[in-house]
1. So which residues in the range 42-58 are surrounded by fewer than 16 Cβ atoms within 10 Å (Cβ to Cβ) and modelled with pLDDT of 85 or more, if there are any at all?
2. Of the numbered conditions (1) closer than 17 Å to ALA87 by Cα; (2) of a type in the set (A, V, I, L, M); (3) assigned by TED's automatic domain parsing to the domain that holds GLY180, ALA144 satisfies every one except a single condition; which is it?
3. Could you list, in sequence order, all residues of the range 59-88 that are surrounded by 19 or more Cβ atoms within 10 Å (Cβ to Cβ) and either at pLDDT 80 or above or of a type in the set (D, E, K, R) (or both)?
4. Of these, ALA144, ALA154, ALA106, ALA137, which one is without any contact (Cβ under 8 Å) to a residue 40 or more places away in the chain and under 23 Å from SER46 (Cα atoms)?
5. Here are the criteria: (1) buried (at least 16 other Cβ atoms within 10 Å of the Cβ); (2) part of a loop (DSSP other than H, G, I, E, B). Tell me which single one ALA139 does not satisfy.
Amino acid sequence: MNALPMIAADLVAIGLLTFALYFRRHHRRDLVVAFLGVNVGVLAVSLLLSASSIGLGLGLGLFGVLSIIRLRSTEIAQHEVAYYFSALALGLTAGLSAQFDALALAMMGAIVATMWVGDSSLLLRGYRSQVMVLDHAVAREEEAAAAAGGLLGAEVKHISIVRTDYVNDSTVVDVRYRLGVPRQRRGGHDPEEAALARLVQGERSAVLS
């Protein structure tokens, strides 16, 4: 069996996935090394296992074991998990095919294309998520959404209260939001208008006294 075409296809695919997509967009060197190492390692083992009658079962078992080890070793973002599984899938697909396989090549191309589209900044542009701390204790999600939206200058799509601390007067929230809403302070008040109102009120109090 001539495995060179599938090896070449895998190297091209992982090169595109790692350098043209991931590193160009996210610039994290340590995961570039991880993606390349995992892909080539899985490719090598899969090529050796493909010659045996139990190659497919061992290959899938290897996929699962490597996934568990990697995901439990350190915390990575969800989009990086997707890249990691894609690198695994490319190596496994090319290795188990062993010889030229049009379907395998099509699936490898589909993996790279899916990551190109799914991780594009043009897809769902403006949508973000983050965990933030509000500087006051909040028990109701509606109030927390209004406060977070004002601080972020965004339209809150979903919010979950993670922790409310009445002792330190703070609230930890998990916010999913869309950018593009003019920024406001808590309660929807403009800070300059609020300061001017306090100044006017102080002058009136001084006159009356």
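1. Within the range 42-58, just ALA44 meets the criteria.
2. Checking ALA144 against (1) closer than 17 Å to ALA87 by Cα; (2) of a type in the set (A, V, I, L, M); (3) assigned by TED's automatic domain parsing to the domain that holds GLY180, the one that fails is (1).
3. The answer is TYR83, TYR84, SER86, ALA87, LEU88.
4. Numbers: ALA144 fails: under 23 Å from SER46 (Cα atoms); ALA154 fails: under 23 Å from SER46 (Cα atoms); ALA137 fails: under 23 Å from SER46 (Cα atoms).
Checking each option against the conditions leaves just ALA106.
5. Single failed check for ALA139: (1).
Here is a yes/no grid of residues against (1) modelled with pLDDT of 90 or more; (2) more than 14 Å from the chain's Cα centre (by Cα); (3) on the phi < 0 side of the Ramachandran plot:
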position	(1), (2), (3)
LEU90	yes, yes, yes
ALA102	yes, yes, yes
GLY118	yes, no, yes
TYR127	no, no, yes
LEU134	yes, yes, yes
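The values are calculated or read from the model by the stated rules, or taken from the named source; none is laboratory data. Model, not experiment: these values are computed from the prediction. So basically every Cβ, Gly included, is an ideal-geometry build from the backbone, and we count neighbours across all protein chains shown.
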